[in-house]
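Down below is the structure, laid out as structure tokens.
Please treat every number below as a calculation from the coordinates, not as lab data. Since this is a predicted model, take the numbers as computed values, not measurements.
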Amino acid sequence: MSEDNYSTPDSGFTHDSEGIDALASKGQRFLASMVDGLIGLVITFPIIYFTGGFKVIASGVQPSFSYTLFSSVVGILAFSLVHGMLLVRNGQTVGKKFIGIKIVDLSGNLPTITSHLLPRYAVFFLLGLVPVVGIFIFGINILFIFGKQRRCIHDYIAGTRVVVS
């Protein structure tokens, strides 16, 4: 009998990983976010330029409430036009599709608009409108990616996670 006394014992249990979604890495999520951010810049910079937003920013004056509301509505519409169909059909933004990751609920199903997608994006969009506090909360949201489950606060709020597609 030539048994190796120093090897790890074999339990006989085999793990079937088929059907289990692997969490997206921090790097994948970062790259997808960068792609989405660049798309957002390409859309919003011309709008800010042609509406005089850069002049207001350069003068150091706080933009008016009506300008902030206008730009927020335009931002929501642009985000919905660019990413809406992909989010509903595949749980992906353009960046997530490009990188090969997607949003799923905690059961691994595609997220629904009202239960998952709306809370995931709306809460932090609205908080982002609050001066000073919004950027602070946004930063904390992102830092949660370093937790064991790799979920940002918006993932916890929406009951979602991001996995490799």
>> Which of Gln92, Gln62, Gln149 ends up with the largest GNM mean-square fluctuation for the chain, with Cα atoms connected below 10 Å?
In response: Gln62
> Taking Cα pairs under 8 Å and at least six residues apart, what relative contact order does region 62-116 come out at, in percent?
Replying inline: 22 percent
>> Under 26 Å between alpha carbons: how many lysine pairs meet that in the chain, if sequence neighbours fewer than 8 apart on the same chain are excluded?
In response: 7
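Starting from 0.36 nm per residue, how many nanometres of slack lie between Leu41 and Ser25 once their C-alpha separation is accounted for?
Working: separation 16, 0.36 × 16 = 5.76 nm, distance 2.43 nm.
That works out to 3.3 nm of additional length.
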> What number, rounded to the nearest 500 deg cm²/dmol, is the helix-based mean residue ellipticity at 222 nm of the chain, given -39500 (n - 2.57) per DSSP H run of at least four residues and division by all its residues?
Replying inline: -17500 deg cm²/dmol
> Pick from Phe30, Phe65, Phe124: which is most flexible by mean-square fluctuation in a GNM of the chain where alpha carbon atoms under 10 Å apart are linked?
Replying inline: Phe65
> When the Karplus curve 6.51 cos²θ - 1.76 cosθ + 1.60 is applied with θ = phi - 60°, which whole-Hz ³J(HN,Hα) does each residue of region 93-105 get, with x for Gly and Pro?
Replying inline: 8, 4, x, 5, 5, 4, 7, x, 10, 8, 8, 9, 7
> Which of the following values of Kirkwood radius over Cα pairs in Å was calculated from the structure shown: (1) 17.8; (2) 16.6; (3) 18.3?
Replying inline: (3)
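Please compute the contact order of the chain in relative form: average sequence separation of alpha-carbon pairs under 8 Å and at least six residues apart, divided by the residue count, as a percent.
Numbers: 148 pairs, mean separation 45.5, N = 165.
This gives 28 percent for the chain.
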